[in-house]
1. Hey, does segment 587-601 have a residue that's among the polar types (S, T, N, Q), outside the structural domain of Ala28 (by TED's automatic domain parsing) and modelled with pLDDT under 90?
2. Limited to segment 544-561, what total is found for residues that are open to solvent by 30 Å² or more (accessible area, probe 1.4 Å), in a helix (DSSP H, G or I) and either in contact with a helix residue (DSSP H, G or I) (Cβ under 8 Å, 6 or more places away or on another chain) or not hydrophobic (A, V, I, L, M, F, W, C) (or both)?
3. If you check Phe164, Phe250, which single one turns out to be within 30 Å of Leu541 (Cα to Cα), part of a helix (DSSP H, G or I) and at pLDDT 90 or above?
4. Spot the failing condition for Phe524; the list is (1) within 24 Å of Ile134 (Cα to Cα); (2) among the aromatic types (Phe, Trp, Tyr); (3) surrounded by fewer than 22 Cβ atoms within 10 Å (Cβ to Cβ); (4) in contact with a Leu (Cβ under 9 Å, 6 or more places away or on another chain), and only one is missed.
5. Tell me which of these Asn530 doesn't satisfy, since it passes every other one: (1) open to solvent by 10 Å² or more (accessible area, probe 1.4 Å); (2) within 28 Å of Gly80 (Cα to Cα); (3) in contact with a Pro (Cβ under 9 Å, 6 or more places away or on another chain).
6. Which fully enclosed helices (runs of 4 or more DSSP H) of segment 38-146 have 2 or more residues being out of contact with any Pro (no Cβ under 9 Å at 6 or more places or on another chain), open to solvent by less than 10 Å² (accessible area, probe 1.4 Å) and more than 23 Å from Met303 (Cβ to Cβ)?
7. List pairs: first residue in segment 150-163 and in the same structural domain as Thr15 (by TED's automatic domain parsing), second residue buried (at least 17 other Cβ atoms within 10 Å of the Cβ) and of a type in the set (Val, Ile, Thr) anywhere in the structure, Cβ distance under 6 angstrom, at least six positions apart or on different chains.
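The values are calculated or read from the model by the stated rules, or taken from the named source; none is laboratory data. Nothing here was measured: the structure is a model prediction, and the numbers come from that model. Here the Cβ positions follow ideal geometry from the backbone for every residue, glycine too, while neighbour counts run over all protein chains shown. The area values use the complete protein model at the heavy-atom level, side chains included, leaving out ligands, DNA and RNA. Shrake-Rupley method; radii C 1.70, N 1.55, O 1.52, S 1.80 Å.
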Amino acid sequence: MTNLMLTTYIVVGGTFALYFYIAIKTRAKNTGEFYVAGKGVHPVLNGMATGADWMSAASFISMAGMLAMGGYDASAYLMGWTGGYCLLAMLLAPYLRKYGKFTVPEFIGDRFYSQTARLVAVLCLIVASLTYVIGQMKGIGVAFSRFLEIPFQTGLFIGMGIVFFYAVLGGMKGVTYTQIAQYVVLIFAYTVPAIFISLQLTGNPIPQLGLGSTMSDGNGVYLLDKLDQIVVDLGFSAYTAQKGSTLNIFLLTMSLMIGTAGLPHVIARFFTVPKVKDARSSAGWALVFIALLYTTAPAVGAMARINLTNTVQTGEIGAAEGNVAIDERPQWMLNWEKTGLLAFADQNGDGRIQYYNDGGLTDARIALAGAQAAGGDVAAAQARFDAAELKHAGTKFAGFGWQGNEMTKVDNDIMVLANPEIAKLPNWVIALVAAGGIAAALSTAAGLLLAISSAISHDLVKGMIAKTIDDKTELLWGRISMIGAIIVAGYLGLNPPGFAAQVVALAFGLAASSIFPALMMGIFVKRMNNVGAICGMLTGLGSTLLYIFWYKGFFFIASTAMAPDTPENWLFGISTGSFGAVGALLNFIVAFVASSLSKAPPEHIQLLVEDIRVPMGAGAAQSH
């Protein structure tokens, strides 16, 4: 066992022991503690738990990877995910806390005086939460597979077991206090390596300032200017340049923003505070804790891209010895190759690795080989390869003797986890990053699974099927449904439909198109009735799911996709992750039309809507 592995086992094992201890000490004894932690969590602590619940594997592992590879366009994730908390704090959290129920579907069922509306809300919640949890399971598998040097599948099963223990045992109360510990772990794990790397590259210990500083090599070139120069010289678009359409970036930002405000596991956190005022306060604290990571992410992404490129391009571009020799590639590359998340192929047989934009030549070569092996459309694949080869022949790279990009796979999700190794940081820092990545994925997975469990046990079983069951039986059903949700999530996590952040973006689109409009209209539109709400939710969810399945494959089975998931095939250039905003607009339109053509809500419901917006009164708190 290497020193790094031993250090990793000690650090990760220590954090697991802490999570187990907290779960045992805060075990839920009744449904109030299982669903909403007894409504007695301090707003600052709730803000910290919300931060951990929110900063998932997508935030910790994948977002900086997307920023590293996507540059300017990926900043939509930063703006959308943080902006959503402003909407949540101002428009939803205090009103839902005042209403005082356990779950989002329960509020929708009561507000729209319909068990059908409640059932549709449960459906929307489960679909969005299951899609979200796939990304967390992918993140858990990635972190475990590299740092504990075990197969991806084994790492995923271990993560399932850990979540099972503390989420099933502790419910919301156990999850809340475990998430507070996980926030501390993940924020240290994210910022400490960023400080080291910022010092190395710019001499500035504050990553946020390092991003705008000059390089430490004394040339006076700013870091972002240096990165632009490097990637453009290698045939890529400038890092700081906009590459996608403005419409798609706007819709992606909007989809992530309103999806944030509509995610049930995040909203449920605001049911756990003692007073209505505390709901808004804890949203503010959550934004502070989240900002510590989100303002660091752009620096981490940019610096990771520089380090990755410099690892491969060790000298002058085009020089005979300007690229790293295969038999001299660094240990971190060997480590990540074992996971299958990093791969290369020596296309020109020169014994060195070239990493550049080849205009799709390597992808076309791989597609042709696949068609020949599987008996596919070889003629079409050959035509695509010939076109790419002809295009490549006219570039400067062909003159260097390069025959295609040789970094055939660089998974976005490895960038943050590999960054400390690339920068040759101490083993304890690398181990800390492993613990942070696992903590980020576990904290959000627990929150999502709890939201699914609550919807099944409280809204379906207690609310519709067996209304007379006692508190103890409902708690048992909550734990049984949690176990079922963990099994389903683990199964889906074995075959995720994309990078962690991309999968999560789909979940936000589903929440944006179904749950957010129903909550907004439920709180602010007295005339909105049950017919409008039901029709709107089904329209939003159905249209968004259909659009996603059309390109990703039905139920995320890639072979069933109706069209390639590429910009030239998208409707008006709108990506699957951006369509949630369109689905939300369709939801609003259908809901208002259907409501105007049907009977107005009963008078007591209209009075209820007015009462929710009066800032006084809330359920009693319980001491912890």
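1. Our first condition is that a residue be among the polar types (S, T, N, Q); within segment 587-601, this holds for 587, 595-596, 598.
Okay, now just the ones that are also outside the structural domain of Ala28 (by TED's automatic domain parsing), so 587, 595-596, 598.
Checking which are modelled with pLDDT under 90 leaves us with none.
Looking for residues that are among the polar types (S, T, N, Q), outside the structural domain of Ala28 (by TED's automatic domain parsing) and modelled with pLDDT under 90, one finds none in segment 587-601, hence no.
2. Just the residues of segment 544-561 that are open to solvent by 30 Å² or more (accessible area, probe 1.4 Å), to begin with: 545-546, 550, 552, 554-561.
Next, only the ones that are in a helix (DSSP H, G or I) stay: 545-546, 550, 552, 554-556, 558-560.
This time we only want the ones that are either in contact with a helix residue (DSSP H, G or I) (Cβ under 8 Å, 6 or more places away or on another chain) or not hydrophobic (A, V, I, L, M, F, W, C) (or both), so: 545, 552, 554-556, 558-560.
Residues meeting the conditions: 8.
3. Answer to the check: Phe250.
4. So the condition that Phe524 fails would be (1).
5. (2)
6. Hits in segment 38-146: 43-54, 75-87, 93-99, 104-111.
7. Leu156/Ile140; Gly159/Ile140; Met160/Ile486
To keep it simple, each residue is scored yes or no on (1) crowded, with 24+ Cβ neighbours inside 10 Å; (2) outside any loop (DSSP other than H, G, I, E, B); (3) modelled with pLDDT under 90; (4) of a type outside the set (Asp, Glu).
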| position | (1), (2), (3), (4) |
| --- | --- |
| Gly498 | no, no, yes, yes |
| Ala507 | yes, yes, yes, yes |
| Ile534 | no, yes, no, yes |
| Leu538 | no, yes, no, yes |
